[in-house]
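Step one of this worksheet: look at the structure below.
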Amino acid sequence: MIKKIDLSNGLRVSEVALGAMMFGTTTPEADAFGILDAFLDFGGNFVDTSNNYAHWAGSGDESEKVLGNWLRQRGCRDRVVLATKVGFDRHGEGAGLRKAQIVYWIEESLRKLNTDYVDLYYAHTDDASTSMEETMEAFDSLVKAGKVLHLGGSNYDTWRYAEANMLAAQRGWTPFTVMQQSFTYLHPKFEIAPKYIFNEKTNRERLRFLRDKDQPLVAYSSLCKGGYEDESRLPGDYIAGERLLTLRLMAAEKGITASALAIAWMVNLHRCPGFPRVIPLFGSSVKHLAENIRGLDLKLTDQELQALNQA
Ligand SMILES: NC(=O)c1ccc[n+]([C@@H]2O[C@H](COP(=O)([O-])OP(=O)(O)OC[C@H]3O[C@@H](n4cnc5c(N)ncnc54)[C@H](OP(=O)(O)O)[C@@H]3O)[C@@H](O)[C@H]2O)c1
């Protein structure tokens with residue numbers, strides 16, 4: 001079962017988050033409803049989407065619309081911590097964090113999601129061409145209007161995220177209290193430049209920063225796109241080798257999959273010095289969801305955590 005945790009910003013979220021990126025495009029609506037129902041039944045509540053998912057496979061409206069249909073049909077809005085985002089391109093429109101864009105896209109998201117508020121609204125990526133004052137004031141106005149409860153930042157350099165929050169503190173605006181970035185058990189090949197500059201994998205400095213600020217890392221693509229089970233799907237910018245072998249051997253001993261142990265490791269990582277609360281965010285079918293959360297019921301000992309950390 002999935003447990004709930006209390007974040008420092010007051011949100012009570014499940015210890016893992018469900019990615020809705022492909023809902024309505026490669027995942028048909030009926031399947032998406034099944035995944036969402038199962039996630040709630042297992043104890044989950046933290047659901048992640050964006051105003052542009054998945055525009056490379058459709059229009060970019062699909063994911064939010066499917067979620068909106070599900071929320072209306074099930075009448076379960078109060079049981080879900082809903083996160084969406086603004087700032088990335090969708091077919092040549094939408095990229096950027098100017099006030100006009102933020103104010104426009106929240107209305108679009110609320111309409112599609114069939115709700116009058118989102119629990120967490122992320123800047124999907126930094127916009128260095130817009131002043132931080134304009135962006136943070138616009139986000140704050142949404143919180144003051146009750147359309148958004150909390151703010152997060154995704155794909156920001158750590159120093160820019162910190163600057164945004166220093167500015168918010170100076171002006172009395174709402175800060176970012178959740179960071180979302182790519183993170184998993186395997187180490188990335190930092191020598192390989194990310195395909196997109198924003199898409200940088202999480203390094204130790206970012207983790208120490210979040211630990212210091214008592215903020216969580218929502219870890220996207222936390223299952224390496226299915227690569228723990230099928231190495232041919234492992235993105236080329238991860239180091240497999242000894243670390244993957246250690247994960248697989250320990251998973252086999254415990255009778256769970258490597259994906260499930262990777263999730264359990266991330267959930268337990270905050271027990272180690274220098275690591276923040278990590279909330280693995282992943283997309284999965286109902287079958288894989290049931291497998292993926294099996295590690296959450298197991299107790300990972302300090303020795304096991306150390307062995308996984310040091311591999
Ligand atoms: N902030 C950002 O810029 C950003 C970027 C990317 C993603 N995200 C968010 O993160 C979420 C997840 O990211 P992602 O989809 O890129 O990566 P992911 O969660 O690492 O990978 C999803 C893939 O893993 C497969 N999978 C899951 N469990 C499996 C298992 N036990 N065995 C085999 N395959 C398994 C799924 O297949 P099945 O469907 O068949 O289970 C799916 O194809 C997205 O939905 C989105 O909400 C955010």
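The values are calculated or read from the model by the stated rules, or taken from the named source; none is laboratory data. Given the structure is predicted, the values throughout are model-derived calculations rather than measurements. Here Cβ is always computed from backbone atoms with ideal geometry, including for glycine, and neighbour counts include all displayed protein chains.
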Being surrounded by fewer than 22 Cβ atoms within 10 Å (Cβ to Cβ), out of contact with any Pro (no Cβ under 9 Å at 6 or more places or on another chain) and modelled with pLDDT of 95 or more is the requirement here; does ALA95 meet it? no
When region 267-305 is examined, which residues are found to be within 17 Å of GLU229 (Cα to Cα), touching a residue at least 12 places away in the same chain (Cβ under 8 Å) and not in a strand (DSSP E or B)? GLY283, SER284, SER285, VAL286, HIS288, LEU289, ALA290, GLU291, ASN292, ILE293, ARG294, GLY295
Within region 222-256, restricting to residues that are surrounded by fewer than 21 Cβ atoms within 10 Å (Cβ to Cβ) and among the polar types (S, T, N, Q), the one that is nearest to the chain's Cα centre (by Cα) is SER232
A careful count of residues in region 176-194 that are in a strand (DSSP E or B) and either surrounded by fewer than 22 Cβ atoms within 10 Å (Cβ to Cβ) or out of contact with any Leu (no Cβ under 8 Å at 6 or more places or on another chain) (or both) gives 3
Could you grab the pairs with beta carbons closer than 8 Å, sequence gap of 6+ or different chains, first residue in region 228-245 and part of a helix (DSSP H, G or I), second one of a type in the set (Gly, Ala, Ser) and within 16 Å of the ligand (Cβ to nearest atom)? GLU231/ALA240; ARG233/GLY226; ARG233/GLY227; LEU244/ALA258
Among ARG294, ARG277, which is the only one that is out of contact with any Gly (no Cβ under 7 Å at 6 or more places or on another chain) and within 17 Å of MET1 (Cα to Cα)? ARG294
Among ALA38, ALA54, the single one that is within 24 Å of SER285 (Cβ to Cβ) and either free of Cβ contacts under 8 Å to residues at least 12 places away in the same chain or surrounded by fewer than 21 Cβ atoms within 10 Å (Cβ to Cβ) (or both) is ALA38
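Quickly run through region 11-44 and pick out the residues that are more than 15 Å from the ligand (Cβ to nearest atom) and either in contact with a Leu (Cβ under 6 Å, 6 or more places away or on another chain) or under 18 Å from ARG77 (Cα atoms) (or both).
LEU11, ARG12, ASP37, LEU40, ASP41, GLY43
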Meets criteria (under 25 Å from LEU210 (Cα atoms) and within 11 Å of the ligand (Cβ to nearest atom)) for ASP48: yes
Is it the case that some residue within region 215-233 is modelled with pLDDT of 95 or more, out of contact with any His (no Cβ under 6 Å at 6 or more places or on another chain) and more than 15 Å from the ligand (Cβ to nearest atom)? yes
Considering only strands (runs of 3 or more DSSP E) wholly within region 1-73, the ones with at least 1 residues that are of a type in the set (Val, Ile, Thr) and modelled with pLDDT of 95 or more are 4-6, 12-14, 46-48
May I ask you to list pairs of residues, at least six apart or on different chains, whose Cβ atoms are under 6 Å apart, with the first in region 101-130 being of a type in the set (Phe, Trp, Tyr) and the second being within 15 Å of the ligand (Cβ to nearest atom) and assigned to a loop (DSSP other than H, G, I, E, B)? TRP105/ASN51
Is it true that VAL148 is modelled with pLDDT of 95 or more and either surrounded by fewer than 17 Cβ atoms within 10 Å (Cβ to Cβ) or within 16 Å of the ligand (Cβ to nearest atom) (or both)? no
Filter region 111-131 down to residues that are surrounded by 19 or more Cβ atoms within 10 Å (Cβ to Cβ) and among the aliphatic types (A, V, I, L, M) and give me whichever is farthest from THR174 (Cα to Cα). LEU113
